[in-house]
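Accompanying notes for the structure given below.
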Amino acid sequence: MKSTGLKKALLSTLLVLAGLATGCSTQPASVAADTAPQQLPFVEEKALVVPANTAIYVRLQQPISSAKALPGQIFSAVLDEALMVDGQTLAPSGAAVTGMVVAARESGHLSNTGYLRITLTSILLNGKSVPLQTNSMFVSGGSYKRRNLAFIGGGAGGSALLDGLVSGDKGATGSTSAAYATGKKEVGFLAEHRLGFRLTQPLNVS
């Protein structure tokens, strides 16, 4: 009787151990399957690049005159044409643009005529101000007698663009040109007239 009871107890113990062994062998696999990290698809955000030498056309929001302008002075403008790259519109026509007076001199006596040099410094893209590097636009009065208006597009990016360059003895501010010269040898740029610049460095848009 005792041997029979021992056999039953031993058999029960073996069955319990076998059950435990079975549970241990399957549980890690199940846990591993449940906790395995999910592989998300890789998405690369491609930054848009506006290449150097791209033309940017703007209209000034206020006039700039060599009689009053100072180096470092900030001026505002708006895009006259949408800025696009790879068929996508980065900034619509009318987007805000900021510029700066690089150099300025008021006309004086004798041969000291007025001059101005301006450039663009930033553009508003998706509510964020993005720095710009463009060529500068230089306009200078001529001699006291001839009062000619000289225009040079300077900077590493090549010549700037100017609609309807004014030259000659009259140089009236009523001209349709963006730039003007007066009888007092002052020069300037009119508001709401089209000016063209070119990027001297690529514009990266993330």
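Step by step: first the residues of the range 54-95, then only those that are within 17 Å of the chain's Cα centre (by Cα) and of a type in the set (Ser, Thr, Tyr), then the one that is farthest from LEU120 (Cα to Cα). Which residue is that?
Ranking the candidates gives THR89 first.
Table: residues versus (1) within 26 Å of the chain's Cα centre (by Cα); (2) at pLDDT 80 or above; (3) exposed (fewer than 15 other Cβ atoms within 10 Å of the Cβ).
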site: SER136; (1), (2), (3): yes, yes, no
site: GLY154; (1), (2), (3): yes, no, no
site: GLY168; (1), (2), (3): no, no, yes
site: PRO202; (1), (2), (3): yes, yes, yes
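Given the criteria modelled with pLDDT of 80 or more and either within 18 Å of VAL78 (Cβ to Cβ) or not acidic (Asp, Glu) (or both), does ARG198 qualify?
Considered against the rule, which asks whether it is modelled with pLDDT of 80 or more and either within 18 Å of VAL78 (Cβ to Cβ) or not acidic (Asp, Glu) (or both), ARG198 comes out as yes.
Find all pairs meeting these conditions: Cβ atoms under 8 angstrom apart; at least six residues apart or on different chains; first residue within the range 56-73 and in the same structural domain as GLY94 (by TED's automatic domain parsing); second residue exposed (fewer than 14 other Cβ atoms within 10 Å of the Cβ) and assigned to a strand (DSSP E or B).
LEU60/SER76; GLN61/SER76; GLN62/SER76
The values are calculated or read from the model by the stated rules, or taken from the named source; none is laboratory data. Since the structure is predicted, the reported quantities are computational estimates derived from the model, not experimental observations. For neighbour counting, all protein chains shown are included, and Cβ atoms are generated from backbone atoms with ideal geometry for every residue, glycine included.
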